[in-house]
1. Condition (residue is buried (at least 17 other Cβ atoms within 10 Å of the Cβ) and over 16 Å from residue 249 (Cα atoms)) applied to segment 307-326: is it met by at least one residue?
2. When residues of segment 278-302 are filtered for being surrounded by 17 or more Cβ atoms within 10 Å (Cβ to Cβ), of a type in the set (Val, Ile, Thr) and under 21 Å from residue 221 (Cα atoms), how many remain?
3. Restricted to segment 116-169, and to residues that are among the hydroxyl-bearing types (Ser, Thr, Tyr) and in a loop (DSSP other than H, G, I, E, B), which residue is modelled with the lowest pLDDT?
4. Can you run down the residue pairs with Cβ atoms below 7 Å, 6 or more apart or on separate chains, where the first is in segment 11-22 and among the polar types (S, T, N, Q) and the partner is buried (at least 18 other Cβ atoms within 10 Å of the Cβ) and at pLDDT 75 or above?
5. Can you tell me which residues in segment 1-31 are touching a helix residue (DSSP H, G or I) at 6+ places or on another chain (Cβ under 6 Å) and at pLDDT below 90?
6. Can you find a residue in segment 193-202 that is in contact with a Gly (Cβ under 7 Å, 6 or more places away or on another chain), of a type in the set (Ser, Thr, Tyr) and surrounded by fewer than 17 Cβ atoms within 10 Å (Cβ to Cβ)?
7. Any residue at all in segment 123-142 that is surrounded by fewer than 16 Cβ atoms within 10 Å (Cβ to Cβ), touching an Asp or Glu at 6+ places or on another chain (Cβ under 9 Å) and farther than 19 Å from residue 188 by Cβ?
8. Which numbered condition trips up residue 5, out of (1) buried (at least 18 other Cβ atoms within 10 Å of the Cβ); (2) touching a residue at least 40 places away in the same chain (Cβ under 8 Å)?
Amino acid sequence: MYLFSLDSKTLNSICYVTPRSKDDPDEVQRILNEKRAREIGKYIKQENNVLPNGIVVSLSDEVKINPQANGKNVTLVFPEESGKFAYVLDGQHRLAGFKHSDGIVFDLPVVALYNADLDLRGKIFADINSLQQRVSDVLTLSLYYQIKELPKEESTTMDVVSKLNTISDSPLAGKIKMRDDEVGTWVTNKKMKGVTTPYVGTGGILSGKSPDAQARIIIDYFKAISELWPDAWGNNKSYFLTKPMGIEVMMGTFAAVCRRCDLNEGMKYNAQSFKNQMDTLVGTHIQLPGGGTISLDWRSGSISALSNKVGRSLITKQLSDILVRADSPEEEVD
């Protein structure tokens, strides 16, 4: 095995991939994903880009290995004629990305096996792609936020999420998972970012307000929820309210609650206003798709059947409809 660096243009000129297919059943590589290659090309063109992971190749015996006098280094001598002498075991998409980089070229680290047989090539490819553990979404999001590499709107949303997790009187303080080693949290930063973005981002009900103001309103919203369902709040052994499902559902009804506050509370978004306008949801029942109803008390036994994506959407829609109908005198609300 040899370690060296080589510029991306030269490396692309000598490397090749034969994907595993019906015609080549003994090969090991996957088929190139052009979309992924274009995304890497876009990344290469960004400022401060770097591709630190080694490109792993298997050199054919057409390449000559000449030891140097110091006994520690070697010189790789490639045939004078052009050709492909390095089979790519890992990094084919990084190399292909340079074809979409508008001519940008820079050195890449290379790990080269010499004249490896098919079994060894297959083992290395399988080991690289099965034994490596992907970095968690929690850590990735936290790091990009920390180093200020998130798009502006995502960064603003994460400002709000961070405040929800750190402001002392927030019902969610310390309950949003920001690091992999945190225990006792209720919801990940990624999930909280996802359910918050529609309201603090462009066109959202809270857009135009500062992150401090946005966070304060959402804190008051969850204060109202915690007071309306006190038995369920924080009791994740018996209830779903403060599990990701409950937080997603209640954030899904946020817009409808705000509209009621606009109509009935003089556009005041505080804990008492939210509580007044959500009170109609306490004791309500959710209509099940196959008939029958369940009480919205957030108990694990009754509501767990609706914890999937379809079920969460169904609950959110029904709760929003109830809130809308509550201001329509011609209809009764259960």
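1. yes
2. The number of residues fulfilling the criteria is 1.
3. Checked segment 116-169; the qualifying residue modelled with the lowest pLDDT is 136.
4. What qualifies is 12/95; 12/98.
5. Residues satisfying the conditions are 17, 26, 28.
6. no
7. yes
8. For residue 5, the failing item is (1).
The values are calculated or read from the model by the stated rules, or taken from the named source; none is laboratory data. Remember, it's a predicted structure, so these values are computed and weren't measured experimentally. Glycine also receives a Cβ, built like all others from the backbone with ideal geometry; neighbour counts cover every protein chain displayed.
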